Amino acid sequence: MYSSIVFLPLIGSVIAGFLSFYNRDRVAELTTIACLLLSFLFSIIVFAEVAIGGKPVTVDLARWIVSGDFAAHWRLRFDTLTAVMLIVVTGVSSMVHIYSVGYMSHDKARARFMSYLSFFTFAMLMLVTSDNLVQLFFGWEGVGVASYLLIGFWYKKDSAHIAAMKAFVVNRVGDFGFALGILAIYHIFGSIDFDVIFSEAGLFSKTNISFLGFSLPALEVAGILLFIGAMGKSAQLGLHTWLPDAMEGPTPVSALIHAATMVTAGVFMVCRLSPMLEFAPVSLAVITIVGGTTAIFAATVGMTQFDIKRVIAYSTCSQLGYMFFAAGVSAYPAAMFHLTTHAFFKALLFLGAGSVIHALSDEQDLRRMGGIWDKIPLTYMMMWIGSLALAGFPFFAGFYSKDMILEAAYAAHTGVGNYAFWMGCMAAFLTAFYSWRLLILAFHGKPRASAEAMAHIHESPKVMTIPLFVLALGAIFAGWLGYEMFVGKDMMTFWGESIFILPWNQAMERAHHVPTWVKLLPIMLAASGVALAVLFYGFLPGMPGRVAAAFRPIYLFFFNKWYFDELYERVFVGPAVRIGVLLWHRGDKHIIDGFGPDGMSGLVYRVSGYCARIQSGFVFHYVLAMLVGVVILVTWYYLRMRGIGG
């Protein structure tokens, strides 16, 4: 059963891949959905046995890599951390698979799409069940390949394949740091097995390592390098630029990659490595600062965008910042709690946005929507539920997890913790603002869509709305149901040995005893954000334009995403392209080809041309050539004989 959870999606992917050659789309859809639902069912059983029952399991599959003293075994690790991720990954992926049947119904390559979705799920499951860093890296890269295929699924669109390549390249930057981190871990511990690393981490807390010519704390170097990998996969500030462009993929891809799976891989990895990172306080401080800065950065950008999917994408980026700064203050249970609740309400928002796009004949611009709330009431209700959970309103899932993160950051009583707390509070206000900005622009006001789109507007079919309903249940009840287990006073009994927190890192314990104003502030900020959005976009629709004109430099700074793309274009992309063109023209064509294949072929061509001129067709030319040849031979023979005789 345990192995089946991981390999059932792979079996479904392979079968769907073969069926795509024969255009058996319906069979491929049913096969992949059946495999995912079965995997989800087994995940629920494993969660009951492993997480609630407290019985971790390790499944030894095979010996994988053996080279000298190095050995990597293929094992599946099932502890509480893994069990939680299994529920999240298989649950959301199952709903996305079902939703895709309706959303992709008019696509001509549905079997291939379902194959990619299932392969992505397999890679993610392999990542979360890994028992060593090499196996984790295998799943890590598998997720990267699958995301490239899914983002660029509509490869005939230039924007789609460019976005896929951008995602792949930016993630390779982070993965380079991740690979160096794995090498550093092996250098320090002599092993890449989690059990060895976790049991010996405290012994190396004072050990130094030579890196870039400096003697630096070994665990700090390894921790920061591994976090660079997490920054790429989880779209943290600096390596985030691929995330909004990835919206070029079909909407189910956005829900799967950017809600519950790929982008949360970095958060999972940081929490998995808690027994090591607890002895690397500088690394944790870096994680906290990057997470807090990302939370506010993405929120400022999200409130200025007009593509409905990009607004939600930047929301994802911001929420991932919350998860990271929670882990940075040693509140790993709070990070995992928010990861879980976020998976449900963010997948709900993405799929709800897909339902809006589907209803409006593929329109994604908020400026060309409006006045449709009564025409697609079920979708409208689902978007309300997702937005309430995202904004952290009481009794919705996001309220329990987001507030716990902010309380833990405050309770850490550190400089970086306070920074993260206030950045998170400002982001909470902006999150509520852009969530209701989206709702009002998309559903209320006068209809701004084309007459043709309004004439064909309709509610999505049941195959799309049923997954929305299931995810809405998670967005409402996941926080209430999971609070005591994940972050309650007996939380470490639930997490067992899957998460380690040093006794003096008391952020989680103190979070339950923070002042009342700390608990109330996020709620007040969320309500203020909603009120401001309703005022600006509901009652004073001309006000946003006037504010943007009055603060135009700031507005453009946010609207252009802090100019990161322009900066990278000037500093990295532009020079790289110019160097590439120079090497292509000067190095490849003029030097390598000029003196190599092209040069040799040109020489043969020229010599052949000279020889061809001799073949004139006149007999006297041939006689003359023969006489010249005879004279040369006789002269050579005569001179040679004279030399021998002498």
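Please treat every number below as a calculation from the coordinates, not as lab data. Since the structure is predicted, the reported quantities are computational estimates derived from the model, not experimental observations. All Cβ positions, glycine included, derive from the backbone under ideal geometry; neighbour counts span all protein chains shown.
Before moving on, here are some points about what is shown:
- Label zone at ASP362, where the point sits 7 Å out along the Cα-to-Cβ direction: segment 131-163 residues whose backbone N lies under 16 Å: 152-161
- Amide proton proximity set for LYS55, modelled H, under 5 Å, gap of 5+: VAL50
- Working note: Cα gyration tensor of the chain, eigenvalues times five, square-rooted, sorted largest first, giving semi-axes of 54, 33, 26 Å.
- Separation between Cα centres of segment 458-475 and segment 222-276, rounded to whole Å: 26
- Convex hull of segment 303-404 built on C-alpha atoms - directionally averaged projected area, nm²: 6.5
- The simple Förster model, with R0 at 60 Å and r as the Cβ-Cβ distance, assigns PHE395 and PHE595 a FRET efficiency of 0.20.
- Percent of C-alpha pairs per 5 Å bin, segment 430-483, short to long: 4, 14, 12, 16, 23, 17, 8, 3, 2, 0
- A P(r) calculated from all alpha carbon pairs of segment 375-463, with 5 Å bins opening at zero, reads 3, 12, 17, 17, 14, 11, 9, 7, 5, 4, 2, 0 percent.
- Inverse of mean 1/r across different Cα pairs in segment 437-526, Kirkwood, Å: 18.2
- Around PHE443: net Lys/Arg minus Asp/Glu count, Cβ-Cβ under 15 Å: +2
- Normalised by residue number, the volume inside the convex hull of the Cα atoms of segment 560-612 is 66 Å³ per residue.
- Rounded to the nearest angstrom and listed largest first, the equivalent-ellipsoid semi-axes of segment 276-345 from its Cα gyration tensor are 25, 14, 6.
- Compactness check for segment 221-269: Cα Rg over 2.2 N^0.38 Å is 1.19.
- P(r) of segment 150-204 over all Cα-Cα pairs, binned every 5 Å from zero, in whole percent: 4, 18, 16, 12, 10, 9, 9, 9, 8, 4, 1
- Rounded if a/c under 1.5, otherwise prolate or oblate - segment 5-113, Cα gyration tensor axes: oblate
- Cα centroid of segment 542-581 to Cα centroid of segment 99-129, whole Å: 34
- FRET efficiency for ILE554 and MET381, using Cβ-Cβ distance with R0 set to 35 Å, rounded to 0.05: 0.50
- Note on segment 159-247: Kirkwood hydrodynamic radius from all Cα pairs is 14.2 Å, rounded to one decimal.
- On the beta carbon distance between LYS519 and ILE52, with R0 = 35 Å, the FRET formula returns roughly 0.80.
- Dipole magnitude for segment 5-110: about 180 debye, using +1 per Lys or Arg Cβ and -1 per Asp or Glu Cβ, origin at the Cα centre.
- Taking the centroid of alpha carbons for each part, segment 1-36 and segment 291-344 are 32 Å apart.
- Scaled to the globular estimate 2.2 N^0.38 Å, the Cα spread of segment 480-554, given as radius of gyration, is 1.83.
- Range of Cα positions in segment 532-646 per principal axis (Å), largest first: 115, 40, 18
- Within-13-Å neighbourhood charge of SER330 [Cβ basis; K, R +1; D, E -1]: -1
- Placing +1 on the Cβ of every Lys and Arg and -1 on the Cβ of every Asp and Glu, with no other charges, gives segment 341-417 a dipole of roughly 40 debye about its Cα centre.
- Cα-centre dipole for segment 101-161 with unit charges at Cβ (Lys and Arg positive, Asp and Glu negative), debye to 20: 360
- Electrostatic tally near ALA299: other residues with Cβ closer than 13 Å to its Cβ, Lys and Arg +1, Asp and Glu -1, net +3.
- Given 13 as the ceiling on other Cβ atoms within 10 Å, longest exposed-site-free region of the chain for chymotrypsin sites (Phe, Trp or Tyr not before Pro) in DSSP loops: 156-394
- Distance between the 7 Å Cα→Cβ label points at SER450 and LYS108: 2.1 nm.
- Dividing the helix sum by the residues of the chain, where each DSSP H run of 4 or more adds -39500 (n - 2.57), gives a mean residue ellipticity at 222 nm of -22500 deg cm²/dmol.
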